[in-house]
Amino acid sequence: MAKRRILPLCSAQHETASVKMFEHLVTSNKLEEVMKSYGLVLEEDMLFIKEQIGGPVDETACEKLWPYHGRPKEKSFLYEIVANKKNGIDVDKWDYFARDCHHLGIPNNFDYKRLLVFTRVCEVKNQKHICPRDKCFGSSELTRGARITEAFQKADKCFKIRGSGGKVYQISTAMEDMEAYTKLTDSIYLEILHSSDPELEEAREVLRKIERRELYKFLGETRPETKKEIVENNSLAESIANAKPEKDPPDVELKAENFIVDVINMDYGMKEQNPIDKVHFYCKADPSKAVNISKEQVSKFLPITFTEQVIRVYYKSQDPDVISAAKQYFIQWCMQNDFTKPQDGDVVAPHLTPMKRTWNNMRDDEHKRASEPSCKQRLPFDE
């Protein structure tokens, strides 16, 4: 019996098939009455569901200011949930992450629950859009870790761990003895938190602040514009503390020891090199022969840069005025060191960002394109 070849579907075909499948499921299972019993208005809500899956039903949608009929323009954010035509980030993609990771046997590091908690609807150019919080990009877990490190440092000299031969070690020296090191588990956190030892009071208070979510405040994230490697050391915090804004400087004293600078090095495992260049593959035609595959043989979409540094800066304070000042110092520091503009730079320091010419070089045609509504054009092979 010949094998049936399953042809891949393009996006438009996939969406069309999904809409037809939905119609079939409703009809074959006689779901109309069930939907009515839950308060759905069939004509309106059936159309809305189809639009959620496949986009505008109206063929002349590109010519209209609001192409949908299932919901009015005031509910525009609803069309970014299932099939997001704006940026492609939708629950359909989330399902791909979970499904593909499951079948490939690899962990799925995408936490959709956290994203949902920190997501809200904001208005952009008279339309409502789904917007996640900027801190969803991993900053709060890092600052929590920094506070735990601070607590352990304060407890180091006072906290005793018994190792082999009865010898006593500190937290910082426990790795010298494996018997002591194996006792250095997560329980140490609770031991310090619930201790009544006066010598552990400072460490205990730091952990209490963690429990109350009084974490270090995230000032922003930046990247070096050039290939110059940034080395993480105390001088970075000092340089930020000395980067007093030249224009309208805040009347707040900031200390270098309160700045936390985290330099994150991201690469594919071989610094600036493409690791695939060092990998050998075999082909179906000759499984015994090892071959190399060049980037051009795979795809032109592959990156040309394989390493990147991200600099995240925090400040040890809960005072809104102090944090506001620290953010301005951080942005001034980015300007002085030729780093990229922080994402919220125009919001937290609008009086500073125009001073950096390269931060404000969007061309007029880019402004025009950004303001024009985009819509999917019908291609010949869609017909």
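Read-outs: derived from the displayed coordinates by stated rules, not from any lab. Here the structure is a predicted model, which means the values were calculated and not measured. Glycine also receives a Cβ, built like all others from the backbone with ideal geometry; neighbour counts cover every protein chain displayed.
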Assuming R0 = 22 Å, can you tell me the calculated FRET efficiency for the pair M175 and E229, based on Cβ-Cβ distance, to the nearest 0.05? 0.15
Dipole of the chain [Lys/Arg +1, Asp/Glu -1 at C-beta], most positive-end residue of I192, Q273, Y112: Q273
Residue with peak Gaussian network fluctuation, the chain [Cα springs, cutoff 10 Å], from K183, K36, K73: K36
Filter the trypsin sites (Lys or Arg not before Pro) in region 246-289 to those in DSSP coil with at most 16 other Cβ atoms within 10 Å of their Cβ, and list the result. K247, K255, K271, K284
How large is the dipole of the chain about the Cα centre if only Lys and Arg carry +1 and Asp and Glu carry -1, each at its Cβ, rounded to the nearest 20 debye? 760
Kindly state, as a whole number, the per residue volume in cubic angstrom of the convex hull around the alpha carbon atoms of the chain. 293
Note to self: Kirkwood Rh of region 11-136, Cα pairs, one decimal, Å, is 16.6
Candidates L115, L302, L193, ranked by Gaussian network fluctuation over the chain, Cα under 10 Å, top entry: L302
Among F259, G345, P224, whose Cα lies farthest out toward the positive end of the dipole of the chain, if unit charges sit on the beta carbon of Lys, Arg (+1) and Asp, Glu (-1)? P224
³J(HN,Hα) computed for each position of region 305-319 - Karplus, 6.51 cos²θ - 1.76 cosθ + 1.60, integer Hz, glycine/proline x: 10, 10, 9, 7, 10, 10, 10, 10, 10, 10, 9, 8, 6, 10, 6
With no solvent and one point per C-alpha, what does the Debye sum give as log10 I(q)/I(0) for region 193-296 at q = 0.15, 0.16, 0.23 Å⁻¹? -0.90, -0.96, -1.26
Multiplying the sequence separation of D338 and R357 by 0.36 nm and subtracting their Cα-Cα distance, what value in nm do you get? 5.7 nm
Mean projection of the alpha-carbon convex hull of region 139-211 over all orientations, in nm²? 4.9
In whole angstrom, how far apart do the alpha carbon centroids of region 274-307 and region 183-211 sit? 50
